[in-house]
Amino acid sequence: MQAPRIVVQGFTACFDGKPAVKNLDLEIFPNERLAIIGPASSGKTTFLRSLNRLNDLDHGFTHSGKILHDGKDIYDADVDVAELRRKIGMVYAVPVPLPWSIYDNLVYGLRLAGIRDRTTLDERVEKALGYAVLWDEVKDRLHEPANVLSGGQQQRLCIARVLVLEPDVLILDEPCSGLDPISTGKIEDALVALKERTSIVLVTNNTKQAARASDRTAFFLLGDLVEVGPTAQLFTKPTQKKTNDYLVGQFG
Amino acid sequence: MKRDRLIGAVLLVVALSAISGLALIAAFIFREGVPIILRVGAGQFFLSTDWEPSLGHFGILSMLGGSLAVTLGAAVIGIVFSLGLAIVLTQFAPPGLAAALKPAIELLAGIPSVVYGFVGVVTLVPLIRHALGGPGLSVLAASIVLGIMILPTITSIAIDALQAVPRSYVEGSIALGATRWQTVTMVLLRAARSGIVAAVILGMGRAIGETMAVIMVAGNALALPHSLLDPVRTLTSNIALEMGYASGDHRQALFATGVTLFVIITLLNTAALAVSRRRAGRRRVG
Ligand SMILES: Nc1ncnc2c1ncn2[C@@H]1O[C@H](COP(=O)(O)OP(=O)(O)OP(=O)(O)O)[C@@H](O)[C@H]1O
Ligand SMILES: [Mg+2]
């Protein structure tokens, strides 16, 4: 196996002193799809937002431990946080395109990164839309407002606007929670194609989706990582009783 | 049921009498003011700087220019400080500070204007006189005092406009690698633009209508200003200064000045309303 892209070592995240993720150890490898499952308030979102340092926006947030990205602690003082967030791209549960055209949404991140050349922008846009399985649906209306798209299309747009940045890690927080099965299928297909290029961390409340669309699965409970392993194994032969209880529907 | 209808009827009468009171005032001002404009000629009235009531010369251009100058000056100062304040309070200050400061800013709106004028005369006017020359009583002094006076209006509406921008826009932008400041200029201000424009227009409406503080610091000279340090007289100041002894045509000309103000402020408020309506119409979900 290749060296891990992300190494989490004894990472604890607190809001106003209350831990939301406790002493977490976890590795994320290149070209894998890692699913994170667990009941509400188990710290899944908090963990994702720690990976791209979005929790920094919260005044009550504190942390300890390490998160290494290619060997470098992302919380080091000399880290360029904007650059980090381009490398670790995040997709939210509710797709919220910025109130601009489809095209402007897609090139926003690139422009922030200082890329202005029109040909490069257009190429990257087309490629990203291809990966997000959206190109055919929007190629003729790139300059229409993004909010005329359907919810499923908006979510794929949000994935595409992260993909244009060619991130190392794509983190998705329940990206299909508001979508119909067909849109969900399209997004899952996109993830299959994408893992050739990036690591994928998929938080999902839907255990069936985790079983379908991931290579490894981690089970979070009340801020603890209970168990992590190959998806097939975790779903058929979990080593922890708590995992088993969750999977058979004892709680959450 | 019956009581509901009774209460409804009473409230309707109250509301109608308030509105008709306002309508009567407006009608009165127009009845007193419009004939003299027609008699003097609109061109003469609005475009002449010759205001000499004892000779029957009624040209309000100097005052129009004065009002315009101090209002624009106040708008510039108001925009810079209010926007800065609104951005810091909504985006950068810890939530507690913003919650404590917003009511404090709104409290500023409750200070009587004569107090602002007095502070301006005592501190600002001598400062300008010594530092920049001229009489001190000037467009600049009036702009600064008015700018501070309209700060609560603009700030408070701008804060509302910024807070109405969904937090997910901000987070989305930051997650794509924007700094806080890039997010402010490229996402927040763009999304809140119409609310902010409306805030500024309303602030200008307040500035152009303000009287007491302006009389105290603007110098009240009857001439078009050529520099920020020139003293000016505004439309409102002129009414307040001369109404005590005006009679006949002179009195009517002052009413005509009032009509002019009325129209300008109505236009400004309508523009502010139109801008914020357009925003409401454009917003959609899903
Ligand atoms: N910004 C915040 N401020 C204070 N507490 C927070 C904040 N974000 C999360 N928490 C707390 O941290 C804990 C973990 O929340 P988190 O959102 O990470 O859970 P989750 O596993 O994503 O849950 P869900 O499945 O409901 O999305 C919760 O107890 C929550 O109340
Ligand atoms: Mg969550």
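Every read-out reported here was derived from the displayed coordinates using simple, explicitly stated rules and does not represent laboratory data. All values reported here derive from a predicted model rather than from experimental measurement. As a convention, Cβ positions derive from the backbone with ideal geometry for all residues, glycine included, and neighbour counts pool all protein chains shown.
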Average other protein chain Cβ within 10 Å of Cβ, residues B:176-189: 5
FRET E, pair B:Ala104, A:Leu222, Förster distance 51 Å, beta-carbon r, rounded to 0.05: 0.80
GNM top mover of B:Ile19, B:Ile29, B:Ile215 - chain B, alpha-carbon springs below 10 Å: B:Ile19
Relative contact order [Cα under 8 Å, 6+ residues apart], region A:1-59, whole percent: 29 percent
Angle between chain A longest axis and helix A:118-131 axis [Cα atoms, degrees, rounded to 10]: 50 degrees
Tally of Lys pairs whose C-alpha atoms are under 25 Å apart, taken over region A:144-252, 8 or more apart or cross-chain: 6
FRET efficiency estimate (nearest 0.05) - Cβ-Cβ, B:Ala271 to B:Asp160, R0 25 angstrom: 0.85
Assigned charges on the beta-carbon of Lys, Arg, Asp, Glu; chain A dipole about Cα centre (debye): 360 debye
Calculated [θ] (222 nm, deg cm²/dmol) that DSSP helices of n ≥ 4 give over chain A, each run adding -39,500 (n - 2.57): -10000 deg cm²/dmol
Cα gyration tensor, region A:29-174 - rounded (a/c under 1.5), prolate or oblate: prolate
Overall Cα dimensions of region B:181-231 - principal axes, largest extent first, Å: 46, 21, 16
In degrees, nearest ten, helix B:139-163 long axis to first principal axis of chain B (Cα): 30 degrees
Percent of beta bridges antiparallel (DSSP, the protein assembly as shown, rounded to nearest 5): 60 percent
B:Glu32, B:Glu52 arranged by Cβ crowding within 10 Å, fewest neighbours leading: B:Glu52, B:Glu32
Calculated SAXS-style log₁₀ I(q)/I(0) at q = 0.14, 0.18, 0.28, 0.29 Å⁻¹ - region A:188-252, Debye, Cα scatterers: -0.41, -0.66, -1.35, -1.42
Long-range Cα-Cα pairs in the protein assembly as shown (distance over 46 Å), rounded percent: 37 percent
Cβ neighbours within 10 Å from other chains - mean over B:168-174: 6
Signed unit charges on C-beta, dipole axis of the protein assembly as shown, positive-most listed residue A:Pro99, B:Ile19, B:Met212: B:Ile19
For region A:97-252, share of DSSP beta bridges that run antiparallel, in % to the nearest 5: 60 percent
Burial ordering of A:Cys14, A:Cys176, A:Cys158, fewest other beta-carbon atoms within 10 Å first: A:Cys14, A:Cys176, A:Cys158
Over chain B: helical MRE at 222 nm, DSSP H runs n ≥ 4 each giving -39500 (n - 2.57), nearest 500: -24000 deg cm²/dmol
√(5λ) per eigenvalue of the Cα gyration tensor, region B:2-71, largest first, Å: 43, 15, 8
Gaussian network model of chain A, springs between alpha carbon atoms under 10 Å - residue of A:His143, A:His69, A:His59 with greatest fluctuation: A:His59
